[in-house]
Ligand SMILES: [Mn+2]
């Protein structure tokens, strides 16, 4: 059984009001080429097919033509589940009819849904594809009539407990789901900035340890291609870079070959998806970035975030930048970025501990010279009189020793 695992296509996405439809059309043309090379037995699209519940017309047309090609020309079954961006009940429209042709839409989670069985070329037994579309705990609570509203981990534990007794251990079992599944508590820095939080007020995730009964778990939601704990559980990643937090990511689809004997981990090959335009950050002084030399670059129409290193503000910088980079989307100054919040906090705290330092900094900024020794001694004496337990000189010494 050979699976092509993808997801988070987000068709119809805007990047700063700029439609990415041409980039998505190009990427899907690349995807169709990859499909012909890999020749999979099935394609899994693990949610967030569209970027919004009611996608624009050109998004529907692009998905329609892509799926028509896969189903009617290439004859490859396709399984698509609902993600948090998708209009999940709309997605189920016509799904029974489409399933007759090998296009399986599973938009809304239904506890009673059975697996989709597909037999790979040369396989003796079919592989069972189980689906859990994106579902919020509150929706799950309404759908199932469960007494409490569980968190994501509790919800997945219940949903998987309903599937477990129905698994046939003599065939490979694959799960397709969309959500935040992690092997360890999340480090917020590793999460994508473009991922819409799936719970307001914090990150709620399900533990990958719940998924031990499956031979492969095809995940959607995180935009960086990555395994979760082992090659058995994996995020395919998004079709394109969808935010500047993703500039360093390499987008790919996962070609997954299952061991028919179920003895070893699946074999994974990440096939890169070439992009029409890159998304990148450029840094430098305005004059360098917009000088004659800049015009000789051949990737000027990439989507660009500019960081200007100029100390003096440039008038209307976006106008000048747009001349060279037609798709410049944002601009910031490097030195205003270097005002680091944590550093400021530390300085304020230090100053509170060392009022004499605060005084001398103030004196210096007003007078343009350091405090004369005589006056510094006087100030020190006054502060000591105000708080005799707090000798700033001693404190300062300690601070140097411990930092
Ligand atoms: Mn998502």
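The values are calculated or read from the model by the stated rules, or taken from the named source; none is laboratory data. In this text the structure is predicted, and so the values were computed from the model without any measurement. Here the Cβ positions follow ideal geometry from the backbone for every residue, glycine too, while neighbour counts run over all protein chains shown.
Grab the strands (runs of 3 or more DSSP E) fully contained in the range 169-262, keeping just those with 3 or more residues being within 16 Å of the ligand (Cβ to nearest atom) and either modelled with pLDDT of 95 or more or closer than 20 Å to residue 23 by Cβ (or both).
Numbers: elements: 173-178, 216-220, 226-228, 230-235, 252-257.
Qualifying strands (runs of 3 or more DSSP E): 173-178, 216-220.
What do you reckon, is residue 212 within 30 Å of residue 282 (Cα to Cα) and surrounded by fewer than 18 Cβ atoms within 10 Å (Cβ to Cβ)? It is false that residue 212 is within 30 Å of residue 282 (Cα to Cα) and surrounded by fewer than 18 Cβ atoms within 10 Å (Cβ to Cβ).
Applying the selection to the range 138-155, what residues are touching a residue at least 24 places away in the same chain (Cβ under 8 Å) and either outside the structural domain of residue 80 (by TED's automatic domain parsing) or part of a helix (DSSP H, G or I) (or both)? It would help to see each step written out before you state the result.
Pass one, the range 138-155, residues touching a residue at least 24 places away in the same chain (Cβ under 8 Å): 139-140, 143-144, 151-153, 155.
Hits for the range 138-155 are 139, 140, 143, 144, 152, 153, 155.
If you check 30, 17, 69, 61, which single one turns out to be in the same structural domain as residue 219 (by TED's automatic domain parsing), at positive phi and away from the ligand (no atom under 16 Å from the Cβ)?
Details: 30 fails: at positive phi; 69 fails: at positive phi; 61 fails: at positive phi.
Among 30, 17, 69, 61, only 17 is in the same structural domain as residue 219 (by TED's automatic domain parsing), at positive phi and away from the ligand (no atom under 16 Å from the Cβ).
Evaluation of residue 237 against the conditions (1) crowded, with 18+ Cβ neighbours inside 10 Å; (2) more than 18 Å from residue 50 (Cα to Cα) shows that the sole unmet condition is (2). Before we move on, is residue 305 surrounded by 17 or more Cβ atoms within 10 Å (Cβ to Cβ), in the same structural domain as residue 221 (by TED's automatic domain parsing) and in contact with a helix residue (DSSP H, G or I) (Cβ under 8 Å, 6 or more places away or on another chain)? No; evaluated as a whole, the condition is false for this residue. If you take the residues in the range 125-137 that are more than 16 Å from the ligand (Cβ to nearest atom) and in a strand (DSSP E or B), which one is farthest from residue 156 (Cα to Cα)? So, considering only residues that are more than 16 Å from the ligand (Cβ to nearest atom) and in a strand (DSSP E or B), the one farthest from residue 156 (Cα to Cα) is 127.
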